[in-house]
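Working notes, beginning with the structure itself.
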Amino acid sequence: MEGRAAILDGKPQLALLELLDSQLAINRIVILGDSLTSGHGIGRAASFPSVLQARMEQEGLSYQIVNKGISGNTTADGLARLDECLAAPLRLLVIALGVNDGLRGVPVAEIKKNLLASIARATAKGVPVLLCRMEALPLYGWPYVEAFRRMYDEIAAETGVSLAPFLLFDIVGNAALMQGDHVHPNVHGAKAMADIMWPYLRAALAS
């Protein structure tokens with residue numbers, strides 16, 4: 001037993017553990033988002049990142065999805081939290097932010113500046129980015145809605161990042177997929193969000 005303990009405590013074993021930790025870090029996918037990501041009202045275990053994690057495991061893919069969604073977060077909040085997300089090596093950063101900016105009427109130019117800064121900071125570290133399109137309600141007029149929508153296309157064109165569609169597309173108006181607040185998806189809606197995200201996530205990982 002003493003000999004085995006010595007082997008386990010030795011430098012070769014430590015190097016192996018460090019290698020395994022490094023490999024796990026490289027296979028990490030962080031999804032940086034708001035309440036749509038965090039699983040508001042249904043819990044993190046039922047959120048769309050958790051559904052994606054289960055699908056990864058079903059398909060034998062060794063990626064670890066990290067849910068970095070916080071309710072109420074804006075693009076500015078995401079930018080402020082980005083260094084924490086990038087502290088360890090990542091395979092992919094998914095940015096799913098902008099809805100709360102739209103609800104608050106944050107100027108589109110400011111939202112774009114925050115997203116571009118987040119993308120630049122990630123790519124400077126060699127981390128590819130998948131950006132999720134968001135939509136704004138017509139609370140501040142249709143010109144704002146149109147500018148908000150165009151912004152995501154502009155960012156994708158300017159940076160070359162992959163762009164996923166709005167994750168609540170065909171979900172937000174379906175009562176069977178939404179919670180009683182008519183804002184957040186229920187467990188069925190979270191699964192539908194994961195279905196929308198899945199092909200774009202796979203494509204981003206393959207590139």
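The values are calculated or read from the model by the stated rules, or taken from the named source; none is laboratory data. Since we're looking at a predicted model, the values are computed, not measured. No Cβ is skipped: glycine too gets one built from the backbone with ideal geometry, and neighbour counts run over all protein chains shown.
If you scan region 116-151, which residues turn out to be closer than 20 Å to LEU205 by Cα and surrounded by fewer than 16 Cβ atoms within 10 Å (Cβ to Cβ)? I'd like the intermediate steps shown before the answer.
First pass over region 116-151, keeping only residues closer than 20 Å to LEU205 by Cα: 118-133.
ALA120, THR123, ALA124, LYS125, GLY126 - these are the residues of region 116-151 that are closer than 20 Å to LEU205 by Cα and surrounded by fewer than 16 Cβ atoms within 10 Å (Cβ to Cβ).
Applying the selection to region 167-194, what residues are in contact with a Leu (Cβ under 6 Å, 6 or more places away or on another chain) and of a type in the set (A, V, I, L, M)?
Selection gives ILE171, ALA192, MET193, ALA194.
Find all pairs meeting these conditions: Cβ atoms under 9 angstrom apart; at least six residues apart or on different chains; first residue within region 41-65 and under 23 Å from LEU177 (Cα atoms); second residue in a helix (DSSP H, G or I) and basic (Lys, Arg).
ALA46/LYS191; PHE48/LYS191; SER50/ARG44; VAL51/LYS191
For (1) aliphatic (A, V, I, L, M); (2) at pLDDT below 95; (3) more than 21 Å from TRP198 (Cβ to Cβ), each residue gets a yes or a no:
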| residue | (1), (2), (3) |
| --- | --- |
| LEU17 | yes, yes, yes |
| ASP21 | no, yes, yes |
| ARG28 | no, no, no |
| THR37 | no, no, no |
| ILE65 | yes, no, no |
| ASN73 | no, no, yes |
| GLY78 | no, no, yes |
| ARG81 | no, no, yes |
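Take region 82-117 and flag every residue that is aliphatic (A, V, I, L, M), part of a helix (DSSP H, G or I) and over 18 Å from ALA156 (Cβ atoms). Don't jump to the end; show me each part of the working.
First pass over region 82-117, keeping only residues aliphatic (A, V, I, L, M): 82, 86-88, 90, 92-97, 99, 103, 106, 108-109, 111, 115-117.
Within this subset, residues satisfying the condition of being part of a helix (DSSP H, G or I) are 82, 99, 103, 108-109, 111, 115-117.
Correct list: LEU82, LEU103.
Within region 91-115, how many residues turn out to be within 25 Å of TRP198 (Cα to Cα), buried (at least 22 other Cβ atoms within 10 Å of the Cβ) and among the hydrophobic types (A, V, I, L, M, F, W, C)?
Within region 91-115, residues that are within 25 Å of TRP198 (Cα to Cα), buried (at least 22 other Cβ atoms within 10 Å of the Cβ) and among the hydrophobic types (A, V, I, L, M, F, W, C) number 7.
I'd like the full set of residues that are under 30 Å from ASP83 (Cβ atoms) and assigned to a helix (DSSP H, G or I), limited to region 118-145.
Here is the first cut: in region 118-145, the residues under 30 Å from ASP83 (Cβ atoms) are 118-136.
Selection gives SER118, ILE119, ALA120, ARG121, ALA122, THR123, ALA124.
Is it fair to say ALA76 is assigned to a loop (DSSP other than H, G, I, E, B), of a type outside the set (Phe, Trp, Tyr) and within 21 Å of VAL127 (Cα to Cα)?
Considered against the rule, which asks whether it is assigned to a loop (DSSP other than H, G, I, E, B), of a type outside the set (Phe, Trp, Tyr) and within 21 Å of VAL127 (Cα to Cα), ALA76 comes out as no.
Taking the condition of being surrounded by 13 or more Cβ atoms within 10 Å (Cβ to Cβ), without any contact (Cβ under 8 Å) to a residue 60 or more places away in the chain and in a helix (DSSP H, G or I), how many residues in region 152-192 meet it?
So the count comes out to 9.
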